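Visitor: I have a structure here, written as structure tokens, and I will follow up with some questions on it.
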Amino acid sequence: MSTPAAATGAPAALAGRVVLVTGAHGGLGAAAAQACARAGATVVLLGRKVPKLNRVYDAIAKDPAGLPEPVNYPFDLAGADFADHAELAQRIGAQLGRLDGLLHCAADFAGLTPLEHTDPGDFARALHVDLTARWWLTQACLPLLRQAPDAAVVFVLDDDLPAAYRGAYGIAQHGQHALLDTLHAEHGSGPVRFHGLRPGPMRTPLRARAHVSEDDRRARDPAAAAAACVTLLSPAGAPHRGEAWAPAP
């Protein structure tokens, strides 16, 4: 674990900021949430599996470096309507007074299936979680993000996909690139930056549904991508505004 900037006398990249992380108990989500906390952020941990969310909370809250206390927000993206997203944004504003970053790590992928044989309900759920819900949450949070002097929204993208058998998950990846392009074109000079992050193959439960782990030699520990999340959420991410950034390994 890296030493927090505050302990070394160096300025913390996210000091004083509030960052919302979706899928905060997943592979990259958990690593990124902890990296953001070590960079000085108060992290709002969003996820639907409360015991796993609590473990990430404890890892941050009990860190001996004395990191900012996180906030748990149990939330099911698949079942929430837009009013629930709006209420989430309102509660963050009321409780924490600000929002400086939104990191979209949550994803839904059931496994490899020919599109023709995909269950219609599974298709709709994955497309919603992997695309529509990302936009709904972004839309709900935009008024609060716009109040910050420097704010960023980061969409984690999976571009390590063949065209076949990824179903709605794969289709949603293309949709997110279009969403990123649209948001950047409409808000390119505004106070909120929009970024895509292409972390490359990671050893996560989601990837394991499509790859045999012992043969998946290209995959890295998700902690290796956590620093890139911090970069994009901080002022240092400004040069990558509007990009689908693939940091060097």
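The values are calculated or read from the model by the stated rules, or taken from the named source; none is laboratory data. Please read all numbers here as calculations on a predicted model, not as lab measurements. Don't worry about glycine lacking a Cβ; one is built from the backbone with ideal geometry, like all the others, and counts go over all protein chains shown.
Visitor: Looking only at the stretch 225-245, which residues are within 18 Å of Gly27 (Cα to Cα) and among the aliphatic types (A, V, I, L, M)? Reasoning before the result, please.
Guide: Restricting attention to the stretch 225-245, the residues satisfying the condition of being within 18 Å of Gly27 (Cα to Cα) are 225-230.
Within the stretch 225-245, Ala225, Ala226, Ala227, Ala228, Val230 meet the criteria.
Visitor: Could you check the stretch 9-107 for strands (runs of 3 or more DSSP E) lying wholly inside it with 1 or more residues that are in contact (Cβ under 8 Å) with a residue 60 or more places away in the chain, under 18 Å from Asp130 (Cα atoms) and of a type outside the set (Ser, Thr, Tyr)? Don't jump to the end; show me each part of the working.
Guide: Numbers: elements: 18-22, 42-47, 71-74, 101-104.
Hits in the stretch 9-107: 18-22, 42-47, 101-104.
Visitor: Does Leu127 fit the bill of being free of Cβ contacts under 8 Å to residues at least 60 places away in the same chain, part of a helix (DSSP H, G or I) and either in contact with a strand residue (DSSP E or B) (Cβ under 8 Å, 6 or more places away or on another chain) or within 30 Å of Arg241 (Cβ to Cβ) (or both)?
Guide: For Leu127, the condition - free of Cβ contacts under 8 Å to residues at least 60 places away in the same chain, part of a helix (DSSP H, G or I) and either in contact with a strand residue (DSSP E or B) (Cβ under 8 Å, 6 or more places away or on another chain) or within 30 Å of Arg241 (Cβ to Cβ) (or both) - is met.
Visitor: Tell me the residue from Leu145, Leu183 that is buried (at least 20 other Cβ atoms within 10 Å of the Cβ), out of contact with any Leu (no Cβ under 9 Å at 6 or more places or on another chain), over 29 Å from Asp119 (Cα atoms) and at pLDDT 95 or above, please.
Guide: Just a single option satisfies the conditions, and that option is Leu183.
Visitor: Let me ask another. Which ones in the stretch 165-200 are over 17 Å from Asp150 (Cβ atoms), out of contact with any Ser or Thr (no Cβ under 7 Å at 6 or more places or on another chain) and not in a helix (DSSP H, G or I)?
Guide: Listed by number, the residues that qualify are Arg166, Gly196, Leu197, Arg198, Pro199, Gly200.
Visitor: Looking at the stretch 212-244, which of the residues that are among the acidic types (Asp, Glu) and under 17 Å from the mean Cα position of the chain (by Cα) is modelled with the highest pLDDT?
Guide: Taking the candidates together, the pick is Glu243.
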